[in-house]
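The structure under discussion appears below in the form of structure tokens.
The values are calculated or read from the model by the stated rules, or taken from the named source; none is laboratory data. Please read all numbers here as calculations on a predicted model, not as lab measurements. Don't worry about glycine lacking a Cβ; one is built from the backbone with ideal geometry, like all the others, and counts go over all protein chains shown. Side chains included, ligands, DNA and RNA excluded: accessible areas come from the protein's heavy atoms. Shrake-Rupley method; radii C 1.70, N 1.55, O 1.52, S 1.80 Å.
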Amino acid sequence: MKLVSGVGELGIPTMFAEAKRRIILHAAVYGPFSKSEVHIQGLEKALSRTGFNSLDVIAVQPGSENGWDNSFLTALRFGISRQSVDDELELSQSFLVELAERHPEKVNVFPAGNLPCLPLVIVDDTICFGQYAHSCVHAPQGFWGCVEADVEKLFSWAESGSVPVGAGADEIAAFRLVSECSRAMKCSVNVEGGDDGCARA
């Protein structure tokens with residue numbers, strides 16, 4: 001496992017560009033991505049690759065009515081005016097809509113239905129994770145970890161709802177991170193307005 005100070009040390013745009021199968025983003029708000037040419041180029045390179053399957057994005061939506069929104073957004077952008085946060089949510093939504101329109105067969109956007117516990121970026125079998133905090137220094141400048149794991153296997157565990165007997169400590173720890181994404185996608189209110197019955201708190 002690697003631990004760095006600041007997400008920029010992980011080289012995520014390069015990870016995007018080299019992604020072979022799947023990218024999962026569970027980082028709440030993506031306005032900063034829309035302003036970063038290297039992130040956009042990396043995503044576009046992955047999405048244009050023939051064997052690349054999907055970009056799954058879990059995002060907080062403008063005007064959502066989850067009971068946790070205000071508290072979460074206060075922590076996410078601590079010290080920033082609510083109008084600025086709302087503006088960033090709108091920018092994030094526009095960016096994701098445009099991305100999905102360019103690659104409708106590969107981009108899946110899941111509105112966040114459950115309280116996000118930590119920011120996560122998964123690229124193939126690399127899991128990157130940070131932390132949210134009530135601080136004027138925001139998540140991108142915090143500590144970020146990076147670990148390699150068999151992500152598809154861990155998703156299959158999440159689907160089954162159990163961890164196999166004999167699983168190693170590192171696998172179990174990585175499983176918790178993958179479970180956060182799996183649960184968020186399952187508990188998303190879908191675009192058509194349906195609901196799968198997951199609790200909203």
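Would you mention how many residues in the range 35-57 are among the aliphatic types (A, V, I, L, M) and under 15 Å from the mean Cα position of the chain (by Cα)?
Of the residues in the range 35-57, 3 are among the aliphatic types (A, V, I, L, M) and under 15 Å from the mean Cα position of the chain (by Cα).
From the set of residues in the range 22-80 that are among the basic types (Lys, Arg) and more than 16 Å from residue 108 (Cβ to Cβ), which is surrounded by the most Cβ atoms within 10 Å (Cβ to Cβ)?
This residue is 77.
Among the numbered conditions (1) in contact with a Leu (Cβ under 6 Å, 6 or more places away or on another chain); (2) not in a strand (DSSP E or B), tell me where residue 13 comes up short.
Failed condition: (1).
What's the number of the only condition in (1) open to solvent by less than 20 Å² (accessible area, probe 1.4 Å); (2) touching a Phe, Trp or Tyr at 6+ places or on another chain (Cβ under 8 Å); (3) not small (Gly, Ala, Ser) that residue 99 fails to meet?
Failing condition for residue 99: (2).
Could you please let me know if residue 90 is out of contact with any Ser or Thr (no Cβ under 9 Å at 6 or more places or on another chain) and either more than 22 Å from residue 41 (Cβ to Cβ) or open to solvent by 60 Å² or more (accessible area, probe 1.4 Å) (or both)?
The answer is yes for residue 90.
What are the residue pairs meeting all of these: first residue in the range 10-35, first residue touching a residue at least 40 places away in the same chain (Cβ under 8 Å), second residue open to solvent by 10 Å² or more (accessible area, probe 1.4 Å) and among the charged types (D, E, K, R), Cβ atoms under 6 Å, and 6 or more apart or on different chains?
Within 6 Å, the pairs are 19/124; 20/124; 21/124; 29/88; 31/88.
Can you find a residue that is in a helix (DSSP H, G or I), hydroxyl-bearing (Ser, Thr, Tyr) and touching a residue at least 40 places away in the same chain (Cβ under 8 Å) anywhere in the range 91-111?
Yes, the range 91-111 has at least one match.
Mind listing whichever residues of the range 49-86 are out of contact with any strand residue (DSSP E or B) (no Cβ under 6 Å at 6 or more places or on another chain), touching a residue at least 40 places away in the same chain (Cβ under 8 Å) and assigned to a loop (DSSP other than H, G, I, E, B)?
Residues satisfying the conditions are 52, 64, 66, 67, 68, 77, 78, 79.
Residue by residue, here is whether (1) in a helix (DSSP H, G or I); (2) over 18 Å from residue 15 (Cβ atoms); (3) over 14 Å from the mean Cα position of the chain (by Cα) holds:
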| position | (1), (2), (3) |
| --- | --- |
| 136 | no, yes, yes |
| 145 | no, no, yes |
| 152 | yes, no, yes |
| 156 | yes, yes, yes |
| 162 | no, yes, yes |
| 167 | no, yes, yes |
| 170 | yes, yes, yes |
| 178 | yes, no, no |
| 181 | yes, no, no |
